[in-house]
Amino acid sequence: MFGIKKLLFGEGASGTLPEDVRNAVNAWSASQGEAFESSHFLTRYVVVDIATTGLDPERDRLTGIAATVLHKGVIAPEQSLCIDLDPAGAAPALLDRQLAVFLRFVGKSPLVAYHAAYVAAFLEQLIRKRLGVTFQPRWVDLVWLLPALFGERSVKPLPLDDWLDAFGLDAGEGRRSPIANSLLLARLMQMLVVRAHAKGVDDVAALIDESKASSHLRRTH
């Protein structure tokens, strides 16, 4: 998919970005973003979750990234990406390739996360440091949108597991991997866009605006 296997396992010189990685990053930078006036059904959402060694992006490390596509109302597990990485111990060329693979997979699609600011901080910092590009996608934050659109279940943000339980999603026991979380978050997003459409929040731009408005309202009241 997307030439990812070739990119990930290619070879390049140490000390600089390998040529194929540099080309992939340049192609991503030059690519066009999603048409944000598109309906939810037509929008390719990419749901992202990460694993880290802690909560502080300035001190802690990103150790895993997972991404799952929601497109035309369908979640296709085969259209998922899971990367295990260790910025402290991985060979620089491998780490750069892994991050380039992630960029190539997500493209310029809007990204969905739970606590998007936390996820974004880790990704933006490492991608800027390793690949030299600014990664600032449009984020849809479920932590704010779920109470905004499903106020009958809760009018305030809840822990993720509480939302999973509220919707009857089997989350399993114990700590989940990023790929398991991304699939569960994609299920929540699948239900959320149906509710959003019913409430007149008909496209991705409106959904992002709703997310920002809900975040501002909860933080100032």
### Query
In a shell of Cβ-Cβ distance under 12 Å around Gln98, excluding Gln98 itself, what net charge do Lys and Arg (+1) and Asp and Glu (-1) give?
0
### Message
At 0.36 nm per residue, and after removing the present C-alpha to C-alpha distance, how many nm does the segment from Lys129 to Arg22 gain when stretched out fully?
### Response
37.1 nm
### Task
Give the residue from Val112, Val25, Pro159 lying farthest towards the positive end of the charge dipole for the chain; charges sit on Cβ (+1 for Lys and Arg, -1 for Asp and Glu) and the dipole is referred to the Cα centre.
Val25
### Query
Cα axis of helix 116-131 to longest principal axis of the chain: angle in degrees, 0 to 90, nearest 10?
10 degrees
### Message
What do you get for GluC sites (Glu not before Pro) in region 115-221 restricted to DSSP loop and a cutoff of at most 16 other Cβ within 10 Å of the site's Cβ?
### Response
Glu152, Glu173
### Query
Any idea what the relative contact order of region 76-193 is, in percent, if you count C-alpha pairs under 8 Å spaced at least 6 apart?
23 percent
### Message
Computing the accessible area with a 1.4 Å probe over protein heavy atoms, can you report the carbon and sulfur percentage for region 44-159?
### Response
51 percent
### Task
Give the accessible surface of region 26-124 per residue, rounded to a whole number of Å², with probe radius 1.4 Å and ligands, DNA and RNA excluded.
42 Å²
### Task
Decide, for region 41-127, between rounded, prolate and oblate: order the square roots of the alpha carbon gyration tensor eigenvalues as a ≥ b ≥ c, take rounded if a/c falls under 1.5, and otherwise choose prolate if a/b is larger than b/c, else oblate.
prolate
#### Entry: Entry for Rg/Rh (Cα atoms, Kirkwood Rh) (calculated from the structure that is shown) out of (1) 1.22; (2) 0.97; (3) 1.05
(2)
### Task
Only bridges with both residues in the chain count here: give the DSSP antiparallel percent, nearest 5.
75 percent
### Sparse-neighbourhood loop sites, GluC sites (Glu not before Pro) in region 14-86 - DSSP loop, at most 16 other Cβ within 10 angstrom
Glu37, Glu58
### Task
Calculate the dipole size of the chain relative to its Cα centre from +1 charges on Lys and Arg beta carbons and -1 charges on Asp and Glu beta carbons; express the result in debye to the nearest 20.
260 debye
### Task
Report the relative contact order of the chain, percent, no decimals, based on alpha-carbon pairs under 8 angstrom and at least 6 residues apart.
24 percent
### Summary
Listed residues Asp209, Asp170, Asp20; largest mean-square fluctuation, Gaussian network over the chain with Cα springs below 10 Å, found at Asp170
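The values are calculated or read from the model by the stated rules, or taken from the named source; none is laboratory data. Since we're looking at a predicted model, the values are computed, not measured. Every residue, glycine among them, receives a Cβ derived from its backbone with ideal geometry; neighbour counts consider all protein chains shown. Surface accessibility is based on the protein's heavy atoms, side chains included, excluding ligands, DNA and RNA. Shrake-Rupley method; radii C 1.70, N 1.55, O 1.52, S 1.80 Å.
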